[in-house]
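The values are calculated or read from the model by the stated rules, or taken from the named source; none is laboratory data. What you are looking at is a predicted structure, and each value in this text was computed from that prediction instead of being measured. All Cβ positions, glycine included, derive from the backbone under ideal geometry; neighbour counts span all protein chains shown. All accessible areas refer to the heavy atoms of the entire protein, side chains included, with ligands and DNA or RNA removed. Shrake-Rupley method; radii C 1.70, N 1.55, O 1.52, S 1.80 Å.
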Amino acid sequence: LLNIKVAIDGPAGAGKSTVAKELAKKLNFTYIDTGAMYRALTYKAIIENINVENRNKIVELASKIDIELKNDKVLLDGIDVTNEIRTPSISEKVSYISMIPEVREIMVKLQKRLSDKGSVVMDGRDIATVVMPDAQFKFFLTASPEVRAMRRYNELTSKKIPVKYDDILNDIRKRDKNDTERDVAPLKKADDSIVIDTTNMSIDEVVSKMYNIIANG
Ligand code: C5P
């Protein structure tokens, strides 16, 4: 089993990263969190005081950025920013940055390179459609916006990040809209992706379902 590619796409809060991480562990594949890469760039823009709507500056920043994904940690220019990139202020700004075509080009190139190094589970919005159209396994995870907001709420409060459920639900609705309506690589199910609605499923159930499909495929 050499160079098996598993693509997982879906909207914010559908459980992609939790499921992808578990699945990768079970398969002994490398997990690649592409959302973390867009988040790291957003974080860098904020600390360098660059307005996320200043496209030229953002593209310049993206062309020089050093992002490394290492054992569940996200390193930005060698510094661990794993927790910093999950805050609501990053979530709110990231979709402006991910809308910029030149930014996506840079990120996709990086992601394609990572996917060629061995067997991977990669999650994001455009993985099955753009980054790994040749993936042997493609999944599209969904869930109702309310359930997705509740999951994000529980995840953040368990990390002691203070948030309000209504704010998260609004953010999820706004990001769904931005991510699905943008011109470049919008969030869209690939024709050959398997849809899994996780609204009433546990993480274990979703992971098992995917694992069985891959093991029998
Ligand atoms: O998956 P996560 O919620 O961390 O992604 C954060 C944001 O990054 C998304 O809302 C989306 O705007 C962007 N993104 C993207 N393409 C990807 C992964 C994430 O545009 N492949």
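Which values, in whole Å and largest first, are the semi-axes of the equivalent ellipsoid of segment 112-152 obtained as the square root of 5 times each eigenvalue of the Cα gyration tensor? Before the final figure, lay out each step's value.
Values: eigenvalues 133, 22, 14 Å².
Computed over segment 112-152, the values are 26, 11, 8 Å.
State, as an integer percentage, the relative contact order of the chain based on alpha-carbon contacts under 8 Å between residues 6 or more apart. If you can, show how the numbers build up before the last one.
Working: 324 pairs, mean separation 74.7, N = 217.
This gives 34 percent for the chain.
Could you list, in their original order, any pairs among LYS5/LYS209; LYS112/LYS164; LYS5/LYS44; LYS159/LYS188; LYS70/LYS112 whose Cα atoms are separated by more than 25 Å?
Over 25 Å Cα-Cα: LYS112/LYS164; LYS5/LYS44; LYS159/LYS188.
Which cross-chain or sequence-distant (5 or more) residues have an amide H under 5 Å from the amide H of TYR31, H modelled 1.01 Å from N in plane?
VAL121
May I ask for log10 I(q)/I(0) of segment 103-186 at q = 0.25 Å⁻¹, from a Debye sum over the Cα atoms as equal point scatterers with solvent left out?
So the normalised log intensities work out to -1.12.
Please report, as a whole percent, how much of the solvent-accessible surface of the chain comes from carbon and sulfur atoms (probe radius 1.4 Å).
After summing per-atom areas, the C and S share lands at 49 percent.
Using only the C-alpha atoms of segment 1-98, find the volume of their convex hull and express it per residue in Å³. List each step's numbers first, then the result.
Details: hull volume 11.0 nm³, N = 98.
Output value, Cα hull per residue: 112 Å³.
In vacuum, with every alpha carbon of the chain counted as one equal point scatterer, what does the Debye formula give for log10 I(q)/I(0) at q = 0.10, 0.17, 0.18 Å⁻¹? Two decimals, please.
-0.41, -1.29, -1.46
Between ILE194 and LYS70, what FRET efficiency comes out of the Förster formula 1/(1 + (r/R0)^6) with R0 = 25 Å and r the beta carbon distance, rounded to 0.05?
Details: r = 29 Å, r/R0 = 1.18.
My answer for the efficiency is 0.25.
Put +1 on the Cβ of every Lys and Arg and -1 on every Asp and Glu Cβ in segment 86-217; which of ILE194, ILE106, GLN136 then has its Cα farthest towards the positive end of the dipole?
Highest projection toward the positive end goes to ILE106.
Return the whole-Å distance between the Cα centroid of segment 13-88 and the Cα centroid of segment 120-164.
For segment 13-88 versus segment 120-164, the Cα centre distance is 14 Å.
Say each of ASP80 and ASN216 gets a label point 7 Å from the Cα, pointing the same way as Cα to Cβ; how far apart are those two points in nm?
4.1 nm
Top mean-square fluctuation among TYR165, TYR31, TYR96, Gaussian network model of the chain, C-alpha springs under 10 Å?
Per the Cα network of the chain with a 10 Å cutoff, TYR165 tops the list.
Which one of PRO133, PRO145, PRO162 has the biggest mean-square fluctuation once the chain is modelled by GNM with Cα springs under 10 Å?
Of PRO133, PRO145, PRO162, the most mobile in the Gaussian network model is PRO162.
When the chain is modelled as a GNM with alpha-carbon springs shorter than 10 Å, which of SER193, SER115, SER63 fluctuates the most?
SER63
Starting at the first residue of segment 53-69, write each ³J(HN,Hα) from the Karplus equation 6.51 cos²θ - 1.76 cosθ + 1.60 with θ = phi - 60°, in whole Hz, x for Gly and Pro.
8, 8, 4, 4, 5, 5, 5, 4, 4, 4, 5, 10, 6, 10, 10, 10, 10
What number comes out for the charge environment of PRO186, summing +1 per Lys or Arg and -1 per Asp or Glu over other residues with Cβ under 10 Å away? Before the final figure, lay out each step's value.
On the way: positive: ARG125, ARG182, LYS188; negative: ASP126, ASP179, GLU181, ASP183.
So the environment of PRO186 carries a net charge of -1.
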